[in-house]
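This structure is in structure tokens; I'll ask about it shortly.
Readers should treat all values here as calculations from the given coordinates under stated rules, not as data from a laboratory. Here the structure is a predicted model, which means the values were calculated and not measured. With ideal geometry, Cβ positions are generated from the backbone for all residues, glycine too; neighbour counts draw on all protein chains shown.
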Amino acid sequence: MLKQRIITGVILAPVAVAGVVFLQGLWFALFIGLVVTLGAWEWARLSGESGQKGRIIYAVAVAILMVGLYRDSWALPWLMLPAVTWWLFAAGLVLRYPASKPLMQGQLLCQLYGLLVLLPAWYGLVWLHGQPHGLRLILVLVVMVWAADIGAYFAGKGFGKRKLMPAVSPGKTLEGLLGGVVLTELLVLALLLTLSWELQAIVLAMLGTLLVVLFSVLGDLSESLFKREQGVKDSSNLLPGHGGVLDRIDSLTAAIPVFALGWWLIGSLLG
């Protein structure tokens, strides 16, 4: 398993970095769109679709919707606000599970949930990439999510005692969550100090960072919830040793709308 993880990581990491760094405009949208389309194929399974034909149809439908969104250039809030609303609803699903099971039954309903997960994440990332210093913004976002994950892993391993959401994801602990928050906040604080931001701006940025981290954890937990409902460990086996595409991007799908909407608000207020 470890060997598979390493081989897959060595192959995919350069491809992902090259796609984000070198592709622009439509080509970047297509690159991220391919990833999201594969994620949609997996989401159909998490929605209860066992047939390959149905999963492909759902993935194609998501791809067509992405084409329409890119062509029409929707204003960012029209997608990010429904996405944030969905994730707040998803928090209720996670916190109330298993009492929330009735709200997760039915393929059509769960596939609609998938649209609120996948489409805003794709659109938000494409929008961020098109902003001034867009590459830096995406780098900051990815580092925040990775830091939250790494901090949670080591804090959970070293100090984890109290389960965070045992009915949803037995491996996660409250200590791990706090470790992820602390590491991410420290990294962001170090960055902001090098940029000589004023105290008020630093405080607001730290609060924003906390929101992004909490939503990234929610993205992870919500996917675990749907996997638990379908009785599967991974969203697919597309990435040997790593599970599926959704297993790699679940935290980002929730963090992107919050980060993008926050950056849009900053631009609106300063503009």
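What does the convex hull of the alpha-carbon atoms of segment 133-271 project to on average, in nm²?
That works out to 9.6 nm².
Using the Karplus equation 6.51 cos²θ - 1.76 cosθ + 1.60 (θ = phi - 60°), what ³J(HN,Hα) coupling, rounded to whole Hz, does each residue of segment 47-56 give in order, writing x for Gly and Pro?
3J(HN,Hα) across segment 47-56, in whole Hz: 7, x, 7, 8, x, 5, 4, x, 5, 5.
Next question. If I model segment 77-117 as equal point scatterers sitting on the Cα atoms and use the Debye formula, what is log10 I(q)/I(0) at q = 0.16, 0.17, 0.23, 0.35 Å⁻¹?
-0.41, -0.46, -0.78, -1.13
For the chain, what does -39500 (n - 2.57) per DSSP helix run (n ≥ 4), summed and divided by total residues, give at 222 nm, in deg cm²/dmol to the nearest 500?
-27500 deg cm²/dmol
What's the FRET efficiency of Ala61 with Leu211 using the Cβ-Cβ distance as r and R₀ = 30 Å, to the nearest 0.05?
The formula returns an efficiency of 0.45 here.
How big is the dipole moment of the chain about its Cα centre under a simple scheme where the beta carbon of each Lys and Arg is +1, that of each Asp and Glu is -1, and everything else is neutral? Debye, nearest 20, please.
Around 660 debye, computed over the chain.
Lys/Arg Cβ at +1, Asp/Glu Cβ at -1, dipole of the chain taken about the Cα centre: which of Leu135, Val62, Leu93 is farthest positive-ward?
Value: Leu93.
What is the extension gain from Ser50 to Leu139, computed as 0.36 nm multiplied by their sequence separation minus the C-alpha to C-alpha distance, in nm to one decimal?
Between Ser50 and Leu139, full extension yields 28.4 nm more.
Can you run phi through the Karplus equation (6.51, -1.76, 1.60; θ = phi - 60°) for segment 256-268 and list ³J(HN,Hα) in whole Hz, with x for Gly and Pro?
My calculation for segment 256-268 gives 4, x, 5, 5, 5, 5, x, 5, 5, 5, 4, x, 5 Hz in order.
Which whole-Hz ³J(HN,Hα) couplings does segment 199-212 yield from phi under the Karplus relation 6.51 cos²θ - 1.76 cosθ + 1.60, θ = phi - 60°, glycine and proline marked x?
4, 4, 5, 5, 4, 5, 5, 5, 5, x, 4, 4, 4, 4
While we're on this one: Along the charge dipole of the chain, which of Thr253, Gly208, Gly39 sits closest to the positive end, that is, farthest toward it, with unit charges on the beta carbon of Lys, Arg, Asp and Glu (+1, +1, -1, -1)?
Comparing the listed Cα positions along the dipole, Gly39 ranks first.
Mind checking the full-extension length gain between Leu95 and Val17? Use 0.36 nm per residue of separation minus the Cα-Cα distance, one decimal, nm.
24.6 nm
Also, quick follow-up: If you take all C-alpha pairs in the chain, what percent of them are over 25 Å apart?
Tail of P(r) above 25 Å: 46 percent of Cα pairs.
So who's got an amide H within less than 5 Å of the one on Leu164, skipping anything under 5 residues away but keeping other chains? H placed 1.01 Å off N, in plane.
Hits under the 5 Å cutoff: Lys172, Thr173, Leu174.
For a label point 7 angstrom out from the Cα of Gln107 toward its Cβ, which stretches of segment 36-60 have the backbone nitrogen within less than 19 Å?
38-60
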